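The values are calculated or read from the model by the stated rules, or taken from the named source; none is laboratory data. Just so you know, these numbers come straight off a predicted model, no measurement behind them. Cβ placement follows ideal geometry from the backbone for every residue including glycine, while neighbour counts extend to all protein chains displayed.
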Amino acid sequence: MSFADDDTSSNPSNNPHLDNLGDVKFTRRELLTALAGAAATLPFAGCATTSGTRWLGPERLGFTSITPMTEDSVRVPQGYRAQVMYPWGDPTGSALGAPPFRQDGSNSAADQALQSGMHHDAIEYYPLPLGSTSSERGLLAINHEYTDDGLLHADGMRTWTPEKVAKSQNAHGVSIIEVTSQGEQWTVVNPSRFARRITAQTPMTISGPAAGAAAMRTSYDSAGTLARGTVNNCAGGITPWGTYLTCEENWNNYFAASDGKIPERLRRYGVSAKSGYRWHEHDGRFDVSKEPNEANRFGWIVEIDPYEPASRPVKRTALGRFKHEGAMLAIGPDRRLAFYLGDDEVFEYVYKFVTRDAYSDDRAANRNLLDNGTLYVARFNADGGGEWLPLVHGQSGLTKENGFADQADILVRTREAADRAGATKMDRPEWGAVHPTTLEVYMTMTNNSLRGAANRPGVDAANPRAGNVFGHIIRWREQGRDPKATRFEWDIFAQAGDPESSDANKRGNIKGDWYGSPDGLWFDPSGYLWIQTDVSTNALNRGDYKSMGNNMMAVANVVTGETKRFLTGPNGCEVTGCVMTPDGRTMFINIQHPGEPAGDRSDPDKPKAFGQWPDGPSGGRPRSATVAIRKADGGRIGT
Ligand code: FEO
Ligand code: CA
Ligand code: CA
């Protein structure tokens with residue numbers, strides 16, 4: 001999403017920034033050695049990201065790059081086909097009902113609870129049955145990040161009612177749908193016993209060290225252990241036991257303060273007196289003046305079991321509270337897990353959570369594995385080294401004397417704890433991705449127009465360009481290749497931007513097809529890095545971005561740096577979310593906010609002013625949707 005909020009810093013800390021641009025590039029030989037020497041790590045059987053299949057070989061990246069596009073369609077290379085499935089408003093397949101989508105936005109809040117939410121983001125594939133490696137039948141978990149209420153309701157936000165608030169809340173959250181492949185088409189199974197929507201109203205357990213803390217208690221949950229709903233579900237992640245992790249990103253935007261008073265602990269997260277979603281007008285829990293602790297119950301990572309349709313989602317507080325972008329898994333040699341986490345706002349931080357315990361082959365034994373472990377925040381040093389600083393009570397200056405009462409307090413106020421620990425302020429950390437064999441971690445720093453501006457942090461080694469218009473991809477390697485290490489080495493994999501630019505702050509070093517504002521990242525099992533862009537609609541196809549075309553997806557060979565454009569999206573969209581079936585023959589991605597105007601919110605009188613994908617002239621309004629991509633000859637994606 002591109003609401004301006006990401007570009008406004010909430011970080012007043014004086015954390016030092018780094019001075020020098022150290023030349024710390026990993027050499028090609030180092031990478032090749034790493035590729036040859038690393039042990040494959042095989043999380044849960046059958047998961048597409050982790051099937052254990054290794055496809056390294058000369059057949060890869062055999063497609064012909066497509067050129068930049070500014071047309072209102074999804075383009076894929078010659079020999080590939082893209083199928084639109086599960087657009088906003090389509091039935092989920094829930095046994096509770098399947099109301100058809102109404103093209104004029106007149107579906108009710110109750111209908112919306114049984115239909116695809118809006119603005120798809122992360123996506124993961126879970127083979128059926130559990131434990132299989134099926135590439136023909138599975139579950140998809142799909143985030144619905146936010147709503148464009150100009151499209152969601154027949155007359156947009158011109159009138160405002162409790163019913164509209166409920167519809168907006170029901171268009172948020174997550175879909176779990178069952179899909180099957182029949183011939184060349186994917187179909188949503190209807191009805192399916194697995195199909196369900198998780199929304200901004202779904203009851204969820206709060207667990208981990210902050211559960212039950214005073215800051216988590218509200219007027220309707222005096223125990224502080226039962227939250228209602230999830231919002232702004234951005235990137236995601238998987239666990240080795242086949243659960244889904246959905247990440248609450250710009251949750252601050254849903255809260256308002258009718259008396260205009262914002263507590264300091266909420267200011268640090270960018271909560272302001274007004275909310276563009278206007279939920280607080282009819283739902284008092286989103287008014288911090290009325291329900292001051294409700295906001296503390298958002299900003300977490302939520303674990304969902306797609307295989308157990310009756311299971312209650314769980315907010316895992318041990319992983320900290322910020323604007324969570326994603327949770328990218330690495331498995332250590334001792335079967336302890338690390339999750340790499342970004343906080344997407346200018347001058348915010350990169351985090352990692354390491355579990356205390358090893359995961360078990362007994363699925364049930366992992367049920368509360370994510371409640372115990374250590375949260376760290378990253379400091380990137382100018383010499384190419386880095387440290388993980390523990391956000392643990394009594395360490396990193398996080399003591400009572402310094403204002404942190406206990407571990408729950410540290411987790412509820414994670415950003416303030418990270419300030420105190422001395423983390424490095426980054427250029428908007430978005431998705432990460434963990435290389436399947438080397439376990440090196442790549443993370444997008446999407447852009448930061450404020451880097452180096454007056455009274456703002458200047459450039460540093462890890463964020464080396466002033467007014468970082470195009471963003472970069474940083475990567476690191478843990479000491480001993482152990483995900484639980486507390487030291488790492490890092491370098492910059494790619495600086496985005498046009499390689500021909502005469503401005504050093506805008507010139508990219510991408511070999512091949514260039515991109516800007518990288519956001520989604522995903523490694524396929526052979527170690528090719530898929531990169532998706534999210535240039536905001538007010539920058540797309542103009543100014544510095546005039547020649548990049550619409551938002552797109554490229555794939556990079558991380559050893560050679562070779563990068564090729566694989567997909568371009570329709571007008572106004574961002575491309576986000578990526579996963580393949582275990583056989584590598586279907587890729588699922590999401591097209592989010594097609595047809596979006598520069599102001600982010602559509603005019604209900606002219607819903608198709610900027611695009612009409614995917615329904616075209618026959619449709620009433622543009623719709624975010626999942627796209628299944630196959631090769632016409634049935635081959636693996638990318639070959
Ligand atoms: Fe939801 Fe940072 O993108
Ligand atoms: Ca994103
Ligand atoms: Ca983004």
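Here are the numbers for the structure shown:
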{"quantity": "Pick from the stretch 387-432, criterion more than 29 Å from residue 233 (Cβ to Cβ) and touching a residue at least 60 places away in the same chain (Cβ under 8 Å), ranking: surrounded by the fewest Cβ atoms within 10 Å (Cβ to Cβ)", "calculated": "422"}
{"quantity": "Residue, nearest to ligand 3 (Cβ to nearest atom), within the stretch 233-253, restricted to residues that are within 28 Å of residue 592 (Cα to Cα) and out of contact with any Gly (no Cβ under 9 Å at 6 or more places or on another chain)", "calculated": "238"}
{"quantity": "Listing of strands (runs of 3 or more DSSP E) fully contained in the stretch 549-633 that carry 1 or more residues being without any contact (Cβ under 8 Å) to a residue 60 or more places away in the chain, under 22 Å from the mean Cα position of the chain (by Cα) and within 16 Å of ligand 1 (Cβ to nearest atom)", "calculated": "552-557, 574-580"}
{"quantity": "Residues that are within 16 Å of ligand 2 (Cβ to nearest atom) and either part of a strand (DSSP E or B) or surrounded by fewer than 24 Cβ atoms within 10 Å (Cβ to Cβ) (or both), drawn from the stretch 458-473", "calculated": "472, 473"}
{"quantity": "Test: residue 544 is crowded, with 19+ Cβ neighbours inside 10 Å and either within 18 Å of residue 64 (Cα to Cα) or in contact (Cβ under 8 Å) with a residue 24 or more places away in the chain (or both)", "calculated": "no"}
{"quantity": "Residue in the stretch 473-489 that is within 14 Å of ligand 3 (Cβ to nearest atom) and under 20 Å from residue 67 (Cβ atoms) present", "calculated": "no"}
{"quantity": "Condition broken by residue 535, with the remaining ones in (1) of a type in the set (A, V, I, L, M, F, W, C); (2) within 20 Å of residue 447 (Cα to Cα); (3) in a strand (DSSP E or B); (4) within 16 Å of ligand 2 (Cβ to nearest atom) satisfied", "calculated": "(3)"}
{"quantity": "Qualifying residue in the stretch 447-457 (condition: of a type in the set (A, V, I, L, M) and either within 16 Å of ligand 2 (Cβ to nearest atom) or surrounded by 24 or more Cβ atoms within 10 Å (Cβ to Cβ) (or both))", "calculated": "no"}
{"quantity": "Residue match in the stretch 496-519 (condition: of a type in the set (Asp, Glu) and within 16 Å of ligand 1 (Cβ to nearest atom))", "calculated": "yes"}
{"quantity": "Filter result for the condition that a residue is within 16 Å of ligand 2 (Cβ to nearest atom), farther than 15 Å from residue 478 by Cβ and small (Gly, Ala, Ser), over 327, 364, 310, 358", "calculated": "327"}
{"quantity": "Failed criterion for residue 1 (all others in (1) of a type in the set (A, V, I, L, M, F, W, C); (2) surrounded by 20 or more Cβ atoms within 10 Å (Cβ to Cβ); (3) at pLDDT 50 or above; (4) more than 16 Å from ligand 2 (Cβ to nearest atom) hold)", "calculated": "(4)"}
{"quantity": "Unmet criterion (only one of (1) crowded, with 23+ Cβ neighbours inside 10 Å; (2) farther than 20 Å from residue 233 by Cα) for residue 560", "calculated": "(1)"}
{"quantity": "Test: residue in the stretch 12-33 that is under 30 Å from residue 426 (Cα atoms), within 16 Å of ligand 2 (Cβ to nearest atom), in a loop (DSSP other than H, G, I, E, B) and at pLDDT below 50", "calculated": "no"}
{"quantity": "Residue 427 vs. criteria closer than 21 Å to residue 299 by Cα and touching a His at 6+ places or on another chain (Cβ under 6 Å)", "calculated": "no"}
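Residues checked against (1) of a type in the set (A, V, I, L, M); (2) within 30 Å of residue 633 (Cα to Cα); (3) touching a residue at least 12 places away in the same chain (Cβ under 8 Å); (4) not in a helix (DSSP H, G or I):
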site: 139; (1), (2), (3), (4): yes, yes, yes, yes
site: 160; (1), (2), (3), (4): no, no, yes, yes
site: 168; (1), (2), (3), (4): no, no, yes, no
site: 174; (1), (2), (3), (4): yes, no, yes, yes
site: 179; (1), (2), (3), (4): yes, yes, yes, yes
site: 186; (1), (2), (3), (4): no, yes, yes, yes
site: 190; (1), (2), (3), (4): no, yes, yes, yes
